[in-house]
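The values are calculated or read from the model by the stated rules, or taken from the named source; none is laboratory data. What you see is a predicted model, and the numbers here were worked out from it, not measured in a lab. Here Cβ is always computed from backbone atoms with ideal geometry, including for glycine, and neighbour counts include all displayed protein chains. Each accessible area value is taken on the protein alone, full model and side chains, heavy atoms only, with ligands, DNA and RNA left out. Shrake-Rupley method; radii C 1.70, N 1.55, O 1.52, S 1.80 Å.
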Amino acid sequence: HMSHKIHLHTDHSMVMDESDILAAMRDFGSYLDISPDDFREIYTRAYAIAHQRFLENITAADIMSSPVLTINQSMTVFAAIDFLAEHNISGAPVTTDAGKLKGILSETDIARLAGGTRRPTPMQLLRAVLKADFEQESLNVPVATIMTREVVCTAQPTTLQEMLHLMSQPD
């Protein structure tokens, strides 16, 4: 069971300027017969290789909760919020009494209900909660009414790279 979240910001590369490179080369402690541009190229390539290795080595088994924590489809949204907060997880599979997978409930599904828009910002959510700007009764509906029904399942050995690819596919 891994309780930490993995945040990947693949769209933001770390920008190094000339002074960073020269400082690193000075910090090396001995003479390096390479230019700052060579250094930047080596760093960029090494970072890309390390990033690729990370994506290929982390698997579904590494980041999933075990045993799998599930929410019954008849549980109220309010009870589900308590459940998710208690277990410090951002979502869970939704199942029938017999354990059959029916969907998944995530923070996004709950935020959509409270914020009233498809992708509410944290500030919109905070405003809605502070002003009680949503129907409190809406939290008493079963999670089955707001869960995401299309669920993609993967095997435990599936790599993080493969999972990111699956999640990036259009709906």
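Just for helices (runs of 4 or more DSSP H) wholly inside segment 53-126: which have at least 1 residues that are at pLDDT 90 or above?
77-87
Pick out the one residue from Glu18, Glu41, Glu56 that is more than 30 Å from Glu162 (Cβ to Cβ) and exposed (fewer than 15 other Cβ atoms within 10 Å of the Cβ).
Glu18
Matching residues to (1) more than 30 Å from Glu150 (Cα to Cα); (2) touching a residue at least 12 places away in the same chain (Cβ under 8 Å):
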{"residue": "Glu18", "(1), (2)": "yes, yes"}
{"residue": "Tyr31", "(1), (2)": "yes, no"}
{"residue": "Arg40", "(1), (2)": "yes, yes"}
{"residue": "Ile49", "(1), (2)": "yes, no"}
{"residue": "Thr70", "(1), (2)": "no, yes"}
{"residue": "Phe78", "(1), (2)": "no, yes"}
{"residue": "Phe83", "(1), (2)": "no, yes"}
{"residue": "His87", "(1), (2)": "no, yes"}
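Would you pick out the residues in segment 21-37 that are of a type in the set (A, V, I, L, M) and either modelled with pLDDT of 85 or more or part of a loop (DSSP other than H, G, I, E, B) (or both)?
Listed by number, the residues that qualify are Leu32, Ile34.
Could you tell me how many of the residues in segment 127-171 are part of a loop (DSSP other than H, G, I, E, B), modelled with pLDDT of 80 or more, surrounded by 12 or more Cβ atoms within 10 Å (Cβ to Cβ) and not aliphatic (A, V, I, L, M)?
Selection size over segment 127-171: 1.
Considering (1) closer than 21 Å to Met167 by Cα; (2) open to solvent by 50 Å² or more (accessible area, probe 1.4 Å), say which one Glu86 fails and leave the rest.
Among (1) closer than 21 Å to Met167 by Cα; (2) open to solvent by 50 Å² or more (accessible area, probe 1.4 Å), Glu86 violates only (1).
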